[in-house]
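Worksheet for the structure shown next.
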Amino acid sequence: TEHGGQLANIMPQFSNKADAFQVQTQKFIAACRGEIEPVATGEQGQIVSRLLDAIYASSKAGKEVKF
């Protein structure tokens, strides 16, 4: 793949040393304990929920829905 006129390796790098689910769970627990900042805030979660509700409402109504 080219990037900026140069060949670039854009394959994602995954660590085989850690189970991704285990790492995510550990981060969630640490955030619940107040040891680290959460990946997403409650406010961001609320926005996503409202957006999904609007998508479903729009699909059901067959038209654009404002939120």
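Points worth noting:
- Once the Cα atoms are used to define both axes, helix 42-61 deviates from the longest principal axis of the chain by about 50 degrees.
- Bridging of LYS66 to aspartates and glutamates at a Cα separation below 17 Å is possible for ASP53, once same-chain residues fewer than 8 apart are set aside.
All of the numbers you see were taken from the coordinates with simple rules; none came from a lab. Here the structure is a predicted model, which is why all the values come from computation and not from measurement.
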